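A.B. asks: The structure is given below, and queries will be raised subsequently.
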Amino acid sequence: MNQPEPHKVEISCDRDAGKKITVLSNQLIAVQVLRNLDRRRQARFLVLPACSSNLRSILNPVANPAIRVADVKFHWKEGQSVLNGCSLEVPQGEFWMLLGANGSGKSTLLRIMTGLLAPHSGSVDMPSPVGFVFQNPDRQLVMPTVAADVAFGLVAEGLSITQVRSRVREALTLVSLADLERRPIYALSGGQKQRVAIAGALARQCQALLLDEPTALLDPDSQIDLVKQMRNLVRSQGITALWVTHRLNELDYCDGAFLLEQGRVVARGNPQRLQQRLMNMPNIGRS
């Protein structure tokens, strides 16, 4: 199967411009950049398919579908720096985790990697298409049933009914939800909802997944079930995944890990070798 080519679109914003981000679903993201009231400036509205071959973002095209971030810097306002030359690379087809205390810049980095935010400097290389899984699935799932939500992005892309049904069934089978395709979203557990969000990305054949603390709202058993399933999906489907977490016990299931401190990656590599340093950090624990 031919993989879609990544696209590159540069987005520039005045530093004093207001920014408003509205998440429509796990497939569609609307970013509205509101200029000052100065009539010489224009308002811009961009609709970004977060998981399609027409991905528009600040991401640079790469031949190799691996995640690369190089010297990215970002601040909300003067004197309030969030990312200070952040760099990382996730090898193709591997499952890596990004850890750090609250306020270290983890979520901001992921939003830059998806194109929701533009860095002040640095570069991001991502495969296309890319999927994004939120911490709270209730902010991501918008359709009434499991199958309808997984199919949402496929229908928007114009696939035939036969193609949609085939991809939905395959994706739900991969996340062990094949028998729940008609189940109402409201009747699912937190872990099941997160698997529906992941299935939406798999159905659209995303080459990479970014997951922003997907187990934060789950009980311990559901937490481990989800991280195990993600590891198995990475291995069986050959996708590349970056999973943000603050839970040390999740490190047992990944290929490698990064430690983010004050907006920079200060340690990386074998998860077990990072254990001692991470144990001494606030807001990071075993569960």
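The values are calculated or read from the model by the stated rules, or taken from the named source; none is laboratory data. Everything numeric in this text was worked out from a predicted model, so none of it was measured. For neighbour counting, all protein chains shown are included, and Cβ atoms are generated from backbone atoms with ideal geometry for every residue, glycine included.
A.B. asks: Just a yes or no: is a residue in region 179-186 modelled with pLDDT of 95 or more, of a type in the set (A, V, I, L, M, F, W, C) and either closer than 30 Å to Gln92 by Cβ or in a helix (DSSP H, G or I) (or both)?
C.D. replies: In the first step, residues of region 179-186 are kept if they are modelled with pLDDT of 95 or more; the result is 179-186.
If we keep only those that are of a type in the set (A, V, I, L, M, F, W, C) too, we end up with 180, 185.
Subsequent filtering for residues that are either closer than 30 Å to Gln92 by Cβ or in a helix (DSSP H, G or I) (or both) retains 180, 185.
Checking region 179-186: at least one residue is modelled with pLDDT of 95 or more, of a type in the set (A, V, I, L, M, F, W, C) and either closer than 30 Å to Gln92 by Cβ or in a helix (DSSP H, G or I) (or both).
A.B. asks: Quick one: in region 84-133, which of the residues that are touching a helix residue (DSSP H, G or I) at 6+ places or on another chain (Cβ under 7 Å) and aromatic (Phe, Trp, Tyr) is nearest to Pro271 (Cα to Cα)?
C.D. replies: Phe95
Residue-by-condition table, conditions (1) modelled with pLDDT under 90; (2) surrounded by fewer than 21 Cβ atoms within 10 Å (Cβ to Cβ); (3) of a type in the set (Val, Ile, Thr):
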position	(1), (2), (3)
Trp76	yes, yes, no
Leu99	no, no, no
Asn102	yes, yes, no
Leu109	no, no, no
Leu117	no, no, no
Pro127	yes, no, no
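A.B. asks: Now a separate question. So, in region 152-165, how many residues would count as being among the hydrophobic types (A, V, I, L, M, F, W, C) and touching a Leu at 6+ places or on another chain (Cβ under 9 Å)?
C.D. replies: Start the filter on region 152-165 by keeping residues that are among the hydrophobic types (A, V, I, L, M, F, W, C), which leaves 152, 154-156, 159, 161, 164.
If we keep only those that are touching a Leu at 6+ places or on another chain (Cβ under 9 Å) as well, we get 152, 156, 164.
Here the count works out to 3.
Every residue, every condition in (1) part of a helix (DSSP H, G or I); (2) in contact with a strand residue (DSSP E or B) (Cβ under 8 Å, 6 or more places away or on another chain); (3) among the hydroxyl-bearing types (Ser, Thr, Tyr), yes or no:
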{"site": "Ala101", "(1), (2), (3)": "no, yes, no"}
{"site": "Ala118", "(1), (2), (3)": "no, no, no"}
{"site": "Pro127", "(1), (2), (3)": "no, yes, no"}
{"site": "Ala148", "(1), (2), (3)": "yes, no, no"}
{"site": "Phe152", "(1), (2), (3)": "yes, no, no"}
{"site": "Gln163", "(1), (2), (3)": "yes, no, no"}
{"site": "Arg167", "(1), (2), (3)": "yes, no, no"}
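A.B. asks: For the structure I just gave you, tell me whether Glu213 is charged (D, E, K, R) and buried (at least 19 other Cβ atoms within 10 Å of the Cβ). Before the answer, list the steps.
C.D. replies: Details: charged (D, E, K, R): yes; buried (at least 19 other Cβ atoms within 10 Å of the Cβ): yes.
Taking the combined requirement at face value, the residue satisfies it.
A.B. asks: Do we find a residue being over 20 Å from Cys254 (Cβ atoms), assigned to a helix (DSSP H, G or I) and over 15 Å from the mean Cα position of the chain (by Cα) anywhere in region 196-216? Let's see the steps before the verdict.
C.D. replies: Narrowing region 196-216 to residues over 20 Å from Cys254 (Cβ atoms): 196, 199-200, 203-205.
In the following step, the residues that additionally are assigned to a helix (DSSP H, G or I) were identified as 196, 199-200, 203.
Within this subset, residues satisfying the condition of being over 15 Å from the mean Cα position of the chain (by Cα) are 203.
Yes, some residue in region 196-216 is over 20 Å from Cys254 (Cβ atoms), assigned to a helix (DSSP H, G or I) and over 15 Å from the mean Cα position of the chain (by Cα).
A.B. asks: Just to verify a result, which residue in region 165-192, among those that are surrounded by fewer than 20 Cβ atoms within 10 Å (Cβ to Cβ) and among the aliphatic types (A, V, I, L, M), is farthest from Gln207 (Cα to Cα)?
C.D. replies: Across region 165-192, the extreme among qualifying residues is Ala187.
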